[in-house]
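Participant: Would you mind keeping the following structure in view while I ask a few things?
Any read-out appearing in this document is the output of simple, stated calculations on the displayed coordinates, not a laboratory observation. It should be emphasised that the depicted structure is a prediction, and the values quoted were computed from it without experimental measurement. Positions of Cβ are backbone-derived with ideal geometry, glycine not excepted, and every protein chain shown enters the neighbour counts.
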2 protein chains.
Amino acid sequence: MTSIDDVAASLGVSTATVSRALRGLPGVAEETRARVTATANKLGYVPSSSASGLASGRTMAMGVLVPVIDRWYFSAVLEGVDRQLRAAGYDLIVFSLGGDGVNRDRVFHRSILRKRIDALLVMCMHLTEEERTAVQELEYPNIVIGGAVEGVRHVGIDDARAARDAVEYLIGLGHTQIAHMRGGGSFDIDFEVPRLREQAFRQTMADHGLPVREDWSAFGDFRFSTSRSSALKLLADPLHRPTAVFCSSDEMAFGVLKAAAELGIAVPGQLSVIGIDDHEFAEPMGLTTIRQDPADQGAFAADLLLGELLRHEPSEYPPSRPHLLVERQSTGPVGA
Amino acid sequence: MTSIDDVAASLGVSTATVSRALRGLPGVAEETRARVTATANKLGYVPSSSASGLASGRTMAMGVLVPVIDRWYFSAVLEGVDRQLRAAGYDLIVFSLGGDGVNRDRVFHRSILRKRIDALLVMCMHLTEEERTAVQELEYPNIVIGGAVEGVRHVGIDDARAARDAVEYLIGLGHTQIAHMRGGGSFDIDFEVPRLREQAFRQTMADHGLPVREDWSAFGDFRFSTSRSSALKLLADPLHRPTAVFCSSDEMAFGVLKAAAELGIAVPGQLSVIGIDDHEFAEPMGLTTIRQDPADQGAFAADLLLGELLRHEPSEYPPSRPHLLVERQSTGPVGA
DNA sequence: GTGAAAGCGCTAACAT
DNA sequence: ATGTTAGCGCTTTCAC
């Protein structure tokens, strides 16, 4: 591995000059800079991140803490985060808890603190008191993406408002018999989001003087298969069936659509279904939904931290990211 | 940030002892080790990865190069890789090309070489001649996951065999009018996989004396929505319609199923559909498919590199990972 | 505009 | 079993 000394020696200049030249610092003659850049390229020199990290205190890497990687929302956020980091020349380190309880401790008390990253993004998930404290005590910039975590800055959509918009859309279509397919529960993803959406559902129904039937609160676990099973039961009785289902996520909405198809229930004729997310499959499935853009949220959060790293002063508290109702073919007037 | 000197000073021992004790090296009295561990915890000491990386030459991090993060296969592989890395105390650094051409160069010639990682996993994707060379010249262990890349070691399923198994399953059910929904094309994912699967489809058909109709080779781009659109055309004419569709991925199979539903074509009565992957949605969708396990592939590859890092000698060339036909409700005898 | 030199916080030989 | 010491490859004052 060729080092900065090789470049310096090969040019007969000092390592300081090479360092300055390559990092675009002022106080280097343009001609010198050009020569340095040229030989660096020729020799295939790339600075060691360990060495420059140690010397400068900046690692040029950002960490993202996720409960799991391979779920729609999380991987989409990662994509957005990565986009901004790439543009800024930062590397992306992913700390995944992987549903593993044993691992959590190591992640919180070793990995994250190892001086390997300059800033940390925490994906919405349930944190213990102690973990929250650990995050808050981090000496570098950090932020939560998605659901709110008490005492930590966060960026995301206004979940309550998004859920309300969905439910009021159904109500506006004349629906009064509305069921809720709820998420939450499994592994570490039992953050605020499912709670906020459920609460907003109940509140909105109440605000419109509509009853909430407890047996129409189905558990879908934010998953297609769980939701399908639940919906199969929810929709089984043709005589006592909701005319609409508000789903706390698109994946669960797909489960409801599948169940309806299996039961021969026409959508939207006999049943309206609305989701939240605007998942990649929502458009081809014709699913009406509340669009959110996880990649945008990730990018926004990453930019915010990048800015703080640059300016050495905290940004303003971030506003909610937008959401948008997208009307498709899975919803229609009641009894149409 | 408390350093190793703080711990050493606080105990009146040398930094070397602290280092040895904490890393579990031999030659430390158990009593000393206990005291060191205790004060390290008390002081909240965590070794700086930059410093230990610089001193030891090991970064305790592994890199994964992906074309994009947020697609089923890639995020599932990442999950598997991460599982093993976590267990081994390694951190995961994700280098994503993000479909961005400009970025590729930086990734290949800076990030990857920055002495930030001890080994590299490359996800199957199209690499230019020069990029392949760059990977091959890497001085640390590396391997490709998924499709083969010439001259680089790789781990994955036997794609040709998987496709053949799928097609022969359809043929075994009596189908002769078989269409192919193919992938490939978009962004950097135009690797070997789509080509291998298509070729195997053609070869298998030929081996059984069956014709391949060019207008039944539909392009699904490995995506639900593209596949649905293509299938809508493919299946439009009730008189000249395949009785079965072999899909190079499950997501495309979902698109075919959706198109069939929209066209009122009964599955499997009038149309059999088979995929490859066993995507999370395949079971609830009742999709017959060839199961592969990307997380297993990622874990396998990570383990292999981890082993080489430990033993300092190359592993045997890895065998193909297994695939498995999973029969569900989307396939049936022809004309049933 | 450039160079010399002192670290950054560890690890690894080499001593003891 | 433990301590001493010389780096690892940079960045960053401080000189010139």
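Participant: Kindly express, to the nearest 10 degrees and within the range 0 to 90, the angle between helix A:159-172's C-alpha long axis and the longest C-alpha principal axis of chain A.
Facilitator: Long axis of A:159-172 versus the principal axis of chain A: about 30 degrees.
Participant: In degrees between 0 and 90, to the nearest 10, how far off the longest principal axis of chain B does helix B:250-263 point, with axes built from Cα atoms?
Facilitator: Helix B:250-263 sits at roughly 30 degrees to that axis.
Participant: Still on this structure: Can you give me the P(r) profile for the range A:262-315? Cα pairs, bins 10 angstrom wide beginning at 0, each as a whole percent.
Facilitator: 20, 29, 19, 16, 10, 6
Participant: Ignore the peptide's own chain and count Cβ atoms of other chains within 10 Å of each Cβ in A:50-57; give me the average, rounded. Kindly include the intermediate steps, with their values, before the conclusion.
Facilitator: Numbers: counts 15, 5, 4, 8, 8, 2, 1, 3.
Taking all residues of A:50-57 together, the mean is 6.
Participant: Take the protein assembly as shown, compute every pairwise Cα distance, and split them into 20 Å bins from 0; I just need the percent in each bin.
Facilitator: Going from the shortest bin to the longest, the percentages are 17, 46, 30, 7, 0.
Participant: Okay, next question. From the Cα trace of the range B:128-206, what convex hull volume per residue do you get, rounded to a whole Å³?
Facilitator: 93 Å³
Participant: How big, on average over all directions, is the shadow cast by the Cα convex hull of chain A, in nm²?
Facilitator: 20.5 nm²
Participant: To the nearest whole percent, what portion of all C-alpha pairs in the range B:83-142 is separated by more than 16 angstrom?
Facilitator: Cα-Cα pairs of the range B:83-142 separated by over 16 Å account for 46 percent.
Participant: Would you mind ranking B:Asp165, B:Asp70, A:Asp82 so that the residue whose beta carbon has the fewest other beta carbons within 10 Å leads the list?
Facilitator: B:Asp165, B:Asp70, A:Asp82
Participant: Can you sort B:His154, B:His323, A:His240, B:His312 by how many other beta carbons sit within 10 Å, fewest first? Show your work: numbers first, answer last.
Facilitator: Working: B:His154 20, B:His323 23, A:His240 11, B:His312 7.
In order of increasing Cβ crowding within 10 Å: B:His312, A:His240, B:His154, B:His323.
Participant: Ok, one more. Could you list B:Ser48, B:Ser217 in order of exposure, starting from the residue whose Cβ has the fewest other Cβ atoms within 10 Å?
Facilitator: Working: B:Ser48 22, B:Ser217 16.
Arranged by neighbour count, lowest to highest, B:Ser48, B:Ser217 become B:Ser217, B:Ser48.
Participant: If you fit an axis through the alpha-carbon atoms of helix B:294-311 and take the longest principal axis of the Cα set of chain B, what angle between them do you get, 0 to 90°, nearest 10?
Facilitator: The angle comes out near 30 degrees.
Participant: Given a 10 angstrom Cα cut-off, can you work out which residue in A:Ala261, A:Ala236, A:Ala40 is the most mobile in a GNM of chain A?
Facilitator: It is A:Ala40.
Participant: Rg/Rh for the range A:193-255 to two decimals, with Rh computed the Kirkwood way over all alpha-carbon pairs.
Facilitator: Result: Rg/Rh = 0.96.
Participant: Sticking with this one: If you put a point 7 Å past Cα along the Cβ direction, how far is that point for B:Ala261 from the same point in each other copy, in nm, smallest first?
Facilitator: When each copy's label point is compared with this one, the spacings are 0.2 nm.
Participant: Given only helices, namely DSSP H runs of n ≥ 4 each adding -39500 (n - 2.57), what is the per-residue ellipticity at 222 nm of chain B, to the nearest 500 deg cm²/dmol?
Facilitator: Values: 13 runs with 149 residues, N = 336.
Dividing the helical sum by the residues of chain B leaves -13500 deg cm²/dmol.
Participant: If you don't mind, there's one more thing I want to ask. So what is the relative contact order of chain A, in percent, for Cα pairs below 8 Å that sit 6 or more residues apart?
Facilitator: It comes to 16 percent, rounded to a whole number.
Participant: Here's another thing I want to ask about it. Going by amide H atoms built from the backbone, whose H comes under 5 Å of the H on B:Val245, apart from near neighbours?
Facilitator: Amide H neighbours of B:Val245: B:Ala179, B:Ser272, B:Val273, B:Ile274.
Participant: Using alpha carbons only, what's the Rg to Rh ratio of the range B:4-47 with Rh from Kirkwood?
Facilitator: 0.90
Participant: Okay, next question. With each pseudo-label sitting 7 Å past Cα toward Cβ, what's the A:Ala38-A:His109 distance in nm, one decimal?
Facilitator: Here the modelled spin labels are 5.6 nm apart.
Participant: On to the next question. How large is ³J(HN,Hα) for each residue in the range A:38-51, as worked out from phi by the Karplus curve 6.51 cos²θ - 1.76 cosθ + 1.60 (θ = phi - 60°), to whole Hz, x for Gly and Pro?
Facilitator: Whole-Hz 3J(HN,Hα) from phi for the range A:38-51: 4, 5, 4, 4, 4, 7, x, 7, 9, x, 6, 5, 5, 5.
Participant: List the distances, in nm to one decimal, from the label point of A:Thr128 to the label points of the same position in every other copy, shortest first, placing each label point 7 Å from Cα along the Cα-to-Cβ direction.
Facilitator: 5.0
Participant: A follow-up question, please. Which number comes out as Rg/Rh for the range B:49-177 once both Rg and the Kirkwood Rh are worked out on C-alpha atoms?
Facilitator: 1.08
Participant: Follow-up question, since we're still on this one. State the number of lysine pairs found in the protein assembly as shown whose Cα atoms come within less than 28 Å, restricting to pairs 8 or more positions apart or on distinct chains.
Facilitator: Details: A:Lys42/B:Lys115; A:Lys115/B:Lys42; A:Lys115/B:Lys115; A:Lys233/A:Lys258; A:Lys233/B:Lys258; A:Lys258/B:Lys233; A:Lys258/B:Lys258; B:Lys233/B:Lys258.
Here the count comes out as 8.
Participant: Karplus couplings for the range A:121-138 from phi (6.51 cos²θ - 1.76 cosθ + 1.60, θ = phi - 60°), rounded to Hz, Gly and Pro as x?
Facilitator: Working through the residues one at a time gives 9, 10, 7, 3, 6, 6, 10, 6, 3, 5, 5, 4, 4, 4, 5, 5, 8, 4 Hz.
Participant: Using a label position 7 Å from Cα in the Cα→Cβ direction, what is the ascending list of nm distances from B:Ala55 to the same site in the other copies?
Facilitator: Its label point is 1.9 nm from the equivalent points in the other copies.
Participant: Can you give the mean number of other chain Cβ atoms that lie within 10 Å of the Cβ atoms in peptide A:82-90?
Facilitator: 4
Participant: Right, next: Amide H of A:Ser96 versus every other amide H placed in the peptide plane: which residues, excluding those fewer than 5 positions away on the same chain, fall under 5 Å?
Facilitator: So A:Ser96 has HN proximity to A:Val66.
Participant: Here's something else I'd like to know. For a distance above 21 Å, tell me the whole-number percent of Cα pairs in the range B:159-292 that qualify.
Facilitator: Looking at the range B:159-292, the distances longer than 21 Å represent 31 percent of pairs.
Participant: Modelled label-to-label distance, A:Ala261 and A:Arg23, 7 Å Cα→beta-carbon offset: nm?
Facilitator: In this crude spin-label approximation the distance works out to 5.7 nm.
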